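The values are calculated or read from the model by the stated rules, or taken from the named source; none is laboratory data. Only a predicted model underlies this, so the values are computations on that prediction, with no experimental measurement involved. In this analysis, Cβ positions are derived from the backbone assuming ideal geometry, glycine residues included, and neighbour counts consider all displayed protein chains.
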Amino acid sequence: MPSMLSETRMRELLRPFAVALDAQQAAQAQTYLELLLRWNQKINLTSIRDPEQVITRHFGEALFLHTRERLTGNLLDIGSGAGFPGLALKIVLPGIPATLLEPIAKKRAFLKEVIRSCGFDAVEVRPERLEEAARQGAKFSVATARAIGPAEQLAGQCIAILSEGGKLYLWTTQGQSENLGEASGLINWTQRLAIPLSREREILIGVRQPTAAH
C-alpha cells in the first residue's frame, strides 16, 4: 500500500490554499488520497505519484475555489478523470448535487469507489462526453473542468448546458486562456483566480449570459 500522510501534514500542505478541513472532511480527504494512490498503480489516474504533491496539485488546487467563490445549485464536472476538481469539491460542499462526466470505464469505477468509501451523497457518474450530455437538455448552475483540451472550444460547448447566470470554472494556464474573448460567445469572462504555489495556473471564471441579450 502507498505510504500515507498524517492529518497534520495534510493540513500543512493545504494551508497555502486557505483550505481548513474539519475532522470528517480530513478523514474523507485521506480516504480519497489512499484510494487514488492505490488505484494509480494499476490505471493511469494521474502522473503525480508523490502523496504530498497529490495533496497540493490536486486537492489544494480544487478546494481553493471553495475559499473564493460561493457555489450553489447543481454541479457538472466535465472529464472528471480522478475526480478533480468536481468530486474533491464534495468534501467541502456535501449538499451540492454533482454529476461527473467520465467516458473511460475504469476511471468511472474509481470515481464510484471514492463516492462509496467517502460516503458522498447526491453524486452521479455518467459516461457521456460533454456534447452528448448537452443534447439531453439538462441544465447546470455550475460547471467545472480541468485540463481537458482547448479552453475556447470547451467554453462554447458549455453554453448549452449552463443555466442563464450559471458559472463555468476552468482550471487552466495563462497561456491557454489568452484568446477566449470572442470564441465562447455567451460566456462572459469575469475573473481569473491565481492559484497559490503556481506562476501560471489559474481558475478562469465565466458567467452564462441570457440568450435574449445577444
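Among the residues in the stretch 173-196, are any part of a loop (DSSP other than H, G, I, E, B), on the phi > 0 side of the Ramachandran plot and modelled with pLDDT under 95?
Within the stretch 173-196, the first condition is being part of a loop (DSSP other than H, G, I, E, B), and the residues that meet it are 174-186, 195-196.
If we keep only those that are on the phi > 0 side of the Ramachandran plot as well, we get 185.
Retained after the next criterion (residues that are modelled with pLDDT under 95): 185.
The answer is yes, given that some residue of the stretch 173-196 is part of a loop (DSSP other than H, G, I, E, B), on the phi > 0 side of the Ramachandran plot and modelled with pLDDT under 95.
Given the conditions (1) touching a Leu at 6+ places or on another chain (Cβ under 9 Å); (2) among the hydrophobic types (A, V, I, L, M, F, W, C); (3) modelled with pLDDT of 95 or more, which single one is not true for I43?
With (1) touching a Leu at 6+ places or on another chain (Cβ under 9 Å); (2) among the hydrophobic types (A, V, I, L, M, F, W, C); (3) modelled with pLDDT of 95 or more applied to I43, the lone miss is (1).
Please enumerate the residues belonging to the stretch 1-20 that are β-branched (V, I, T) and surrounded by 17 or more Cβ atoms within 10 Å (Cβ to Cβ). Write out each step before concluding.
Within the stretch 1-20, the subset β-branched (V, I, T) is 8, 19.
Answer for the stretch 1-20, where residues must be β-branched (V, I, T) and surrounded by 17 or more Cβ atoms within 10 Å (Cβ to Cβ): just V19.
Would you check which residues across the stretch 45-86 are outside any loop (DSSP other than H, G, I, E, B), among the aromatic types (F, W, Y) and either over 27 Å from E12 (Cα atoms) or in contact (Cβ under 8 Å) with a residue 60 or more places away in the chain (or both) and list them? Show your work before the answer.
As a first pass, look at the stretch 45-86 and keep what is outside any loop (DSSP other than H, G, I, E, B): 51-68, 75-78.
Restricting the remaining residues to those that are among the aromatic types (F, W, Y) gives 59, 64.
Answer for the stretch 45-86, where residues must be outside any loop (DSSP other than H, G, I, E, B), among the aromatic types (F, W, Y) and either over 27 Å from E12 (Cα atoms) or in contact (Cβ under 8 Å) with a residue 60 or more places away in the chain (or both): just F64.
So which of A29, A23 ends up being among the small types (G, A, S) and surrounded by 14 or more Cβ atoms within 10 Å (Cβ to Cβ)? Talk me through it step by step, then tell me what you get.
Details: A23 fails: surrounded by 14 or more Cβ atoms within 10 Å (Cβ to Cβ).
Of the residues listed, the single one that is among the small types (G, A, S) and surrounded by 14 or more Cβ atoms within 10 Å (Cβ to Cβ) is A29.
Evaluate the stretch 77-86: report whether one residue or more is polar (S, T, N, Q) and surrounded by 18 or more Cβ atoms within 10 Å (Cβ to Cβ).
Of all residues in the stretch 77-86, those polar (S, T, N, Q) come to 80.
Adding the requirement that they be surrounded by 18 or more Cβ atoms within 10 Å (Cβ to Cβ) leaves 80.
Within the stretch 77-86 (the criterion being polar (S, T, N, Q) and surrounded by 18 or more Cβ atoms within 10 Å (Cβ to Cβ)), the answer is yes, since at least one residue qualifies.
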